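Bear in mind these aren't lab numbers, they're just calculated from the coordinates by the rules spelled out. The model shown is predicted, which means the values in this text are computed figures rather than measured ones. Reconstructed Cβ throughout: ideal geometry from the backbone, glycine too, with neighbour counts over all protein chains shown.
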Amino acid sequence: MKKSNITLGIVIVFIGIFLLLNNLNLIQWSIIDVALDLWPLVLVAVGASIVFNSDRTIKTIIWVLFFLIIIGYGFYLQYKASELNSNLNNNIGVEYTIESNIKSSILNLDLAAVDLNLNPSESFLLDGFVGSPDVKKNVEYFNNGEIAKFTFKENVTKMFWGRSFNNKNSYKGNFYLNDKIFWDINGHIGAVKGNMDLRNLMVNNIDMEFGAGDLKLLLGTNVPNLNVEIEAGATNIDLVVPKDLGVRVKLEGGLKHSNLKELNWKLINGWYVSPNYEAALSKASINIEIGVGNLDIKVE
């Protein structure tokens, strides 16, 4: 057998080992992440192969070492991410007391991949936790302290061709919002899975943008007019609305599916409008754009 065929065979063996480990779920790191970090190593391996072109044994050793470094670095990233998520007690705690002059608050979430839960709180202005040390929190006050703005932003550790490198595993983000003041909720999230229970909260505006996920959104009747804007990629959204809430929904996008037609709501200028919309004391205007996904609306 030619030595060149031996080199090719070893490369194929390493690729097969990688695919096998991936199928067995023993690999939890992305080959793309590793490649974007170690791409200069390809130049080193190719250059060394050219230098030692006449020595097939050394060329084989070079490429064996190349694949070993790739796999080893991948497991290092996996271990590092696991270590960061192993101890939630050391991650970001949230606890802000409510001041008497605060009338409204803004919650800004700029996160990568999160298991998100929003619920009401009677005691604090905002409390909960974020299960990642890469997330930084900030609070600002405006209008003589009447408006509080909370920002939770994932720390970007590195940039390469416009791509951010963060803690790549999903983490929990639990937030409890005070139920006696008005809220605006803004989100820019890579991947989301979670539950936003707003039935007992006074939320005026929701503006969410995320790449992929599964989200359950429960609305209430605590404000006269609620505006909801959601832009998502591959996403399933379960929307639960109370029967006393007047609702109008516009759904746009590519490969989308919904049960809007099954609700027998009127279609007016691109909006599906509930029968009680005009007479309802509390209204919600919901504009959703989905690339690929499903919207399911349940009236309770």
Determine the sum of side-chain charges near T221: Lys and Arg each +1, Asp and Glu each -1, restricted to other residues whose C-beta is under 10 angstrom from that of T221.
-> +2
The alpha-carbon pair-distance distribution computed for the range 212-287, with 5 angstrom bins and whole-percent values, is 3, 14, 26, 27, 18, 8, 2, 0
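In the range 109-147, which chymotrypsin sites (Phe, Trp or Tyr not before Pro) are in a loop and have at most 16 other Cβ atoms within 10 Å, using DSSP for the loop call?
Details: sites: F124, F129, Y141, F142; in loops: F124.
Here the chymotrypsin sites (Phe, Trp or Tyr not before Pro) that fit, given the DSSP loop and packing criteria, are F124.
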Roughly speaking, what % of Cα-Cα pairs in the range 90-299 are separated by over 27 Å, rounded to a whole number?
-> 33
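For the pairs K256/K298; K172/K243; K193/K216; K216/K243; K149/K216, note any where the Cα-Cα span goes beyond 20 Å.
Details: K256/K298 17 Å; K172/K243 31 Å; K193/K216 8 Å; K216/K243 17 Å; K149/K216 24 Å.
In this structure, K172/K243; K149/K216 exceed 20 Å between Cα atoms.
Only sites in a loop by DSSP and with at most 11 other Cβ atoms within 10 Å count here; which trypsin sites (Lys or Arg not before Pro) in the range 234-285 make the cut? Working shown, then result.
Values: sites: K243, R248, K250, K256, K261, K266, K283; in loops: K243.
Qualifying residues, ordered by number: K243.
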Qualifying aspartates and glutamates (Cα of each under 16 Å from Cα of K180; at least 8 residues distant if same chain) | E99, E122, D127, E146, D197
